[in-house]
Structures are given as C-alpha cells and as structure tokens.
Amino acid sequence: MFLFCVFFLQGSCQKPVDKYIEYDPVIILIDAILCKAQAFRHILFNTSLNIHWKLCVFCLLCEAYLRWSALHGSEQSSDPADIIRYTKEWEFYGKFGLAALELMAFCSGVLSFLWLWVSCLQGGSIELNLLLRGLLLSCYGKVLLVPAVIWEHDYSPFCLGLIKLFVLTSNSQAIRVILNCSRRLSLVAVCIGLLSETLTAQACSKLPWSIQDIQDMWTS
C-alpha cells in the first residue's frame, strides 16, 4: 500500500518523492552544509551511510589535537623527533578522553530529554539508534577544526565559536528531520545537551588530579 501511494504521488506530479536521488553527491553535501531539511532527510533515511562512528573518532581527534596544541603552542623546538615524542604524551590522550566524555554527555543529555518528552509525555516511540546516528553525522562541522589549527591566526577563538554554533545548528536540524518535530523542541534538546556537556567539562576541570599528575606519578 505504501509503495502504491509513493508511485501514485510520483506519477501525479511527474517528480520523484526524494529529489536528491537524482542529484550528485556534491550537491547533496552542499545542501547539507546549508542545513536544508530535505538533504538531511535523504542522508538519514534514503542512504546507507554508516560512517558516523569513523566520523566521530576523526572529529574527536581533531578536537583533542586542537586542545593539546593550545598547551604546547608557545613551545618551539628544532628537533623533528620532538613531534613524534609529543604525540605520545599522556596529555594528548587525556584531551581525547575529555572530548569523548563531553560528546557522550551531550548525546546523553539530548537523547534523555527527547526520550522523556516523546515516550513519557506524549506516549510515542523514539528510535534512539537513529537519533544517535543523526547526532554523530550532524557533527561533521567539527572537521573545520583542521583548517582552524593549520591557519592559526588571531581570530581562532571567534572561528571556533562559529564552528560550535554551526555544529549545534546541524544537530538541531537532524533532530527535527528524524522526529518531525518543531524547531523549538529541537533547540531545547540541543540546549540541554550543551548544558550537560558544559557541566561535565567543569566537573572534570575541578577534579583533584590531572593527567600531568598521573604522568609524574608513573615516572617517579
């Protein structure tokens, strides 16, 4: 019955139900960058794109390197071997773990709020796996951290703020597409996730130990 309705609608307007089926992947990517709902809907529902975990790890590595390089940005070394030695330091892995923990807190906050709102308050059902996939895929904006690290100019904090705003906007659009909900609900979910991420970062910064303390303990 569903296929009959799809073919009937397609035959009545002489256009495909999902116009992006006929589009080049580059055009789809551009429309996704522009946060168009139909492009998000095509990627999430009509493609078998399963690179969200790989994309997540890559973005976490970029974010961890950005935080780690801020600690050693003022250090100058003429020895090329220092680059290899620095990548093996505990601080980089600590920054990666912190970035992963913050992302986990963000996703947990968003998914918990949406589950409570849809399942408990509205009596509906929610696909947590699809939502998680949408949140991770919509974090593609973090790839822009790579040129932000390479260029290293005076406006880096401003650029990082714009990248963060773009990622949150993409997260909100992905939630709207998956749940077919209002913009207000998706923005509230993203804000709760951001609050959870911020609280987690502050809690980790106030811990009585640090990565450097652990490293000193093992080397002593």
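Tabulated results
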item	result
Lysines with Cα under 27 Å of residue 19, excluding same-chain neighbours fewer than 8 positions away	36
Exposure rank, largest accessible area first [133, 176, 41, 183; 1.4 Å]	183, 41, 176, 133
Hz values of 3J(HN,Hα) by residue in the range 124-133 - Karplus curve (6.51, -1.76, 1.60), Gly and Pro given as x	x, 10, 9, 9, 5, 5, 5, 5, 5, 4
Accessible area, probe 1.4 Å, largest first, for residues 30, 175	30, 175
Listed residue pairs exceeding 22 Å between alpha carbons, taken from 54/206; 54/95; 54/164	54/206
Probe 1.4 Å - accessible area at residue 115, Å² to nearest ten	120 Å²
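The values are calculated or read from the model by the stated rules, or taken from the named source; none is laboratory data. Given the structure is predicted, the values throughout are model-derived calculations rather than measurements. Each accessible area value is taken on the protein alone, full model and side chains, heavy atoms only, with ligands, DNA and RNA left out. Shrake-Rupley method; radii C 1.70, N 1.55, O 1.52, S 1.80 Å.
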